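Undergrad: Here you go, one structure.
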Amino acid sequence: MKRMKVMYMIFGVVSTLLLAQAASAASNFLVTESAPVFPGDTTYVYVPIKNMGFGSFMEDVSVKLVPKDNASTNAVTLLNDVDSLGTINNWGAQRTGKFRIYVNPDAVEGDYYFNIHITFRGQDTGGSTQSTYLTTKLEDQILTIKGKPLIGLINSTLGIVAPMSINKVTLQFKNTGTGTVQNAVAEIDLGGSNSGFSILGGGTQFTLGSLKAGGTADITFDLAVDIAARPGVYNLPVKITGLNNYSSHNFAGLVVAGTTNFETSYQETSGTFSLNIANVGISPASAVTVSLPRQKNFSVTGSSTSVIGNLNPGDYTSAIFQITKTAGTGNTLEFDIQYTDTSGQRHTMTKFLNVELSQAGSQSGASESSTNYTTWLLVVVIILVIYLQRGKITALFRKSKG
């Protein structure tokens, strides 16, 4: 009896020493029902368990799948984490644990680590000592998740542009998906209806590099707007491509403002000065006003601002002012034309016009001064003549009296 107890003790010690080899997985990578595994997938994970104990008995075998760290816990939801495999008594015999998992939609591409806990008991020898349950562990079993990249345009400096302008543009892209895109390239399509635009310099393709999940990249270029670009809202197509047939489409929006231009002339009638304004552009101008700022060549009597309303392309009208030329100055008249374009923006254009006023209209103050001087001179001459001819006048007066 004593000898039997010693044998049981020896058997227990040997079982414990062989525990580390009692079970083994075929590799460190977990086998999945479908490969690759993507965020949002529900699939099965298979773990082959082989008896490597050189004669060890494994009964009531159960395996448990356990996430090793928080990253794995957050990436994968275990729908069932325990599987019973029964008996694996023969050396080299194998059973497979099966676990159902759900890959969380926001799981980022990468390798995630799990431990496999294997619980079993040795064979009952019929002695008084019952066989005990033993547990071994397979560590760092890897589940590889492939992400789903999605590169989108998240920021643009494009806004309101004017015909015949050059605008420095910066577009920012972000990988808002869960996977990596290698060698990403952004291509801006300026063909078709967008022929009024062109990129100066290095073409329409720009390298973004490799973008991991959450990564960003910027591109900068000069966008030229043709003078014939019609006012309106435009969406420039932007295509992103990368390795492994990655492709996505975005749009960069902008507004072409309906700026315009004006031709000016003047007309002077009966002391009234008219500024003629014609819309010679291709876009309407709303709430047009004409203002004469303070200047050295001319002065304004009355209002210095005239509201002339809306001018469609080809329309013209006049702004009426009372102006006087300042003596001894030039003939250049400065005035401002303010208008609202088709995008709602207010613009101010400063114009200059060479103005020759008539004698009556130029220097009215000087004319009055000259008239007064002539009147006084005439009075003085009359008095002087009377003084010089006073003798004759006196004799003539006496003669007429007699």
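Undergrad: If contacts are Cα pairs under 8 angstrom and at least 6 residues apart, what is the relative contact order of the stretch 262-354 in percent?
TA: 31
Undergrad: A further question on this structure: Is the shape of the stretch 151-256 best called rounded, prolate or oblate, per the rule: a/c under 1.5 gives rounded, else a/b larger than b/c gives prolate, else oblate, with a ≥ b ≥ c the square roots of the Cα gyration tensor eigenvalues?
TA: Verdict is prolate for the stretch 151-256.
Undergrad: Right, here's the next one. Per-residue HN-Hα couplings for the stretch 205-215, Karplus 6.51 cos²θ - 1.76 cosθ + 1.60 at θ = phi - 60°, whole Hz, x for Gly and Pro?
TA: Karplus values, whole Hz, x for Gly and Pro: 10, 9, 7, 9, x, 9, 10, 7, 4, x, x.
Undergrad: What shape does the stretch 262-354 have by the C-alpha gyration tensor, where a ≥ b ≥ c are the square roots of the eigenvalues, rounded means a/c under 1.5, and otherwise prolate means a/b greater than b/c and oblate the rest?
TA: Judged from the Cα gyration tensor, the stretch 262-354 comes out prolate (a/c at least 1.5, a/b above b/c).
Undergrad: Could you list the trypsin sites (Lys or Arg not before Pro) in the stretch 287-358 that lie in coil according to DSSP, counting only those with at most 15 other Cβ atoms within 10 Å of their Cβ?
TA: Answer by residue number: Arg294, Lys296.
Undergrad: May I ask which of Lys148/Lys168; Lys174/Lys239; Lys98/Lys212; Lys168/Lys239; Lys148/Lys174; Lys68/Lys146 have a Cα-Cα span longer than 25 Å here?
TA: In this structure, Lys148/Lys168; Lys98/Lys212 lie more than 25 Å apart at Cα.
Undergrad: Starting from the stretch 44-110, pick out the chymotrypsin sites (Phe, Trp or Tyr not before Pro) whose DSSP state is loop and whose Cβ has at most 16 other Cβ atoms within 10 Å.
TA: Phe54, Trp91
Undergrad: Eigenvalues of the Cα gyration tensor times 5, then square-rooted: what semi-axes does that give for the stretch 46-97, in whole angstrom, largest first?
TA: 27, 11, 8
Undergrad: As an exercise, take the mean of 1/r over every pair of distinct alpha carbons in the stretch 219-289, invert it, and state the Kirkwood radius in angstroms.
TA: Result for the stretch 219-289, one decimal place: 16.7 Å.
Undergrad: Ranking request for peptides 70-80, 250-260: highest mean number of other beta-carbon atoms within 10 Å first, then the rest in descending order.
TA: 250-260, 70-80
Quick note: the coordinates plus some simple rules give every number you see, no bench work behind them. Not measured: the values here are computed from a predicted model. Neighbour counts are summed over all protein chains in view; Cβ atoms, including those assigned to glycine, are modelled from backbone coordinates with ideal geometry.
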